[in-house]
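The values are calculated or read from the model by the stated rules, or taken from the named source; none is laboratory data. All of these numbers come straight from a predicted model, not from anything done at the bench. FYI the Cβ positions are ideal-geometry reconstructions off the backbone, even for glycines, and counts take in every protein chain you see.
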Amino acid sequence: MPKKTAKTPMLDLHGFKEDQVYDAVDRFLLKHESAKVVHIMTGKGKGIVKKTVIQYLKQAGYPAKPLRMAGGKVNDGVLVIYMN
């Protein structure tokens, strides 16, 4: 029987304004601090939310990179954050 795997926690920031990002990301990371990896979906748009998330992650010391999908293609609208 196949082993069940836990779903990676994901924060979807579509529709968020720049001034809402820090609090949302902070709450999300605290909630999932025991996870090894989490995803934050910033979307692509104008890049304001993504830039704000990346700035937060750098200040807080969380390594992150764009999500690489199964076929090797990079999804720039989702960041993979390494918690430990």
For this session: Might you let me know whether segment 62-69 holds any residue that is outside any strand (DSSP E or B) and under 14 Å from the mean Cα position of the chain (by Cα)?
Result: yes
For this session: Considering every residue within segment 16-26, establish whether at least one is in contact with a Lys or Arg (Cβ under 7 Å, 6 or more places away or on another chain) and in contact (Cβ under 8 Å) with a residue 12 or more places away in the chain.
Result: no
Seminar exercise, completed: Going through segment 1-18 in order, the residues found to be surrounded by fewer than 17 Cβ atoms within 10 Å (Cβ to Cβ), at pLDDT below 95 and of a type outside the set (A, V, I, L, M) are 2, 3, 4, 5, 7, 8, 14, 15, 17, 18
For this session: Taking only segment 32-59 into account, find how many residues are more than 14 Å from residue 84 (Cβ to Cβ) and either outside any helix (DSSP H, G or I) or touching a residue at least 12 places away in the same chain (Cβ under 8 Å) (or both).
Result: 17
